[in-house]
1. Sorting check: for 80-87, 100-107, which peptide has the highest mean count of neighbouring beta carbons within 10 Å, and how do the rest follow?
2. Quick one: which residues, 5+ away or cross-chain, put their amide H under 5 Å from the amide H of residue 91? H built at 1.01 Å from N.
3. Just subtract the alpha-carbon distance of residue 137 and residue 95 from 0.36 nm times their residue separation and send over the number in nm, one decimal.
4. What order, most packed first, do the peptides 70-79, 33-42, 53-62 have when packing is the mean number of other Cβ atoms within 10 Å of each residue?
Amino acid sequence: MKRLFLVFALIGSPLFAVNPDEVLQDPALEARARAISQELRCVVCRGENIDESNAGVARDLRLLVRERLLEGDTDQAVVDYVAERYGEYVLMTPNRDGANLVLWAAGPVLFLIALIGGVLYMRRRARTGEGGDALSDKEQARLEAILKK
């Protein structure tokens, strides 16, 4: 059973996503390429970065990243080049400017609005009492009549 688990763990491992023919000779450049590849999303696979993906497009993007690094681009220049070419979707962490700023701020702002609304509701409920308004004499009589049946 342990061997079977080990086999499945190795098969599903992202270790095999980067093919040996893609690896750069310079360990420093390869480390930079791997770091950049983890920041870029595969356009085919949802939620996977190109370093983990086995898709053909991911392989092409990994090769493009390594090619740009060999040409002397900085890490940010490589990311900008790929994002310009394929769109902002390829970024695992979208930029925090422009229209994206609204999306980044929406979660915390909506949480604060809900928190304030909850506090106000609880304060108003505490002022009126736990049970709310008492029943009128007519309502109490009607309730007793229903319960006796």
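Read-outs throughout are calculated quantities, based only on the coordinates presented, and are distinct from any laboratory measurement. Note that the structure is predicted; figures quoted are calculated from it, not measured. When we count neighbours, we look across all protein chains shown, and the Cβ atoms used for this are built from the backbone with ideal geometry, even at glycine.
1. My ranking of the peptides, most packed first, is 80-87, 100-107.
2. Here the answer is 41, since their amide H atoms fall under 5 Å of that of residue 91.
3. 8.8 nm
4. Per-residue Cβ counts within 10 Å, averaged per peptide and sorted highest first, yield 33-42, 53-62, 70-79.
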